Amino acid sequence: MTLSLSIVVPAYNEGARLGKSLCSIVTYLNKYAPGSELIVVDDGST
């Protein structure tokens, strides 16, 4: 599969909100940008 879009989501100390946000993003990508990828980056959360 060829990727058409990559989205990077920074997630520093976002544990409480991340699930809902990712669900919304994935739903959108599945509908409007199949063949895309979602990358979540967490570097140093406490």
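Look at the stretch 1-30: where a residue is touching a residue at least 24 places away in the same chain (Cβ under 8 Å) and farther than 21 Å from Thr46 by Cβ and a partner is hydroxyl-bearing (Ser, Thr, Tyr) and not in a helix (DSSP H, G or I), sitting 6+ places away or on another chain with Cβ atoms under 6 Å, you get Ser4/Ser36; Leu5/Ser36; Leu29/Ser36.
Of a type in the set (Phe, Trp, Tyr) and surrounded by 10 or more Cβ atoms within 10 Å (Cβ to Cβ): is that true of Tyr32 in this structure? Spelling it out, it is not the case that Tyr32 is of a type in the set (Phe, Trp, Tyr) and surrounded by 10 or more Cβ atoms within 10 Å (Cβ to Cβ). Can Ala16 be described as aliphatic (A, V, I, L, M) and loosely packed, with under 10 Cβ neighbours inside 10 Å? Here the answer is yes, as Ala16 does meet what is asked. Looking across the stretch 34-46 at every residue that is touching a Ser or Thr at 6+ places or on another chain (Cβ under 6 Å) and of a type in the set (Gly, Ala, Ser), the one that is farthest from Leu18 (Cα to Cα) is identified as Gly35.
Against the condition in a strand (DSSP E or B) and either touching a helix residue (DSSP H, G or I) at 6+ places or on another chain (Cβ under 9 Å) or modelled with pLDDT of 90 or more (or both), how does Val26 come out, does it pass? Criteria not met by Val26. Only a single item in (1) hydrophobic (A, V, I, L, M, F, W, C); (2) part of a loop (DSSP other than H, G, I, E, B); (3) surrounded by 10 or more Cβ atoms within 10 Å (Cβ to Cβ) is not met by Ile7, and it is number (2).
In the stretch 35-44, the residue that is farthest from the chain's Cα centre (by Cα) out of those that are surrounded by 10 or more Cβ atoms within 10 Å (Cβ to Cβ) and in a loop (DSSP other than H, G, I, E, B) is Gly35.
State whether the residues of the stretch 7-22 include one that is within 13 Å of the chain's Cα centre (by Cα), of a type outside the set (A, V, I, L, M) and at pLDDT 95 or above. Checked the stretch 7-22: no residue is within 13 Å of the chain's Cα centre (by Cα), of a type outside the set (A, V, I, L, M) and at pLDDT 95 or above.
The values are calculated or read from the model by the stated rules, or taken from the named source; none is laboratory data. Not measured: the values here are computed from a predicted model. Counting neighbours? That spans all protein chains shown, and the Cβs are built from the backbone with ideal geometry, glycine included.
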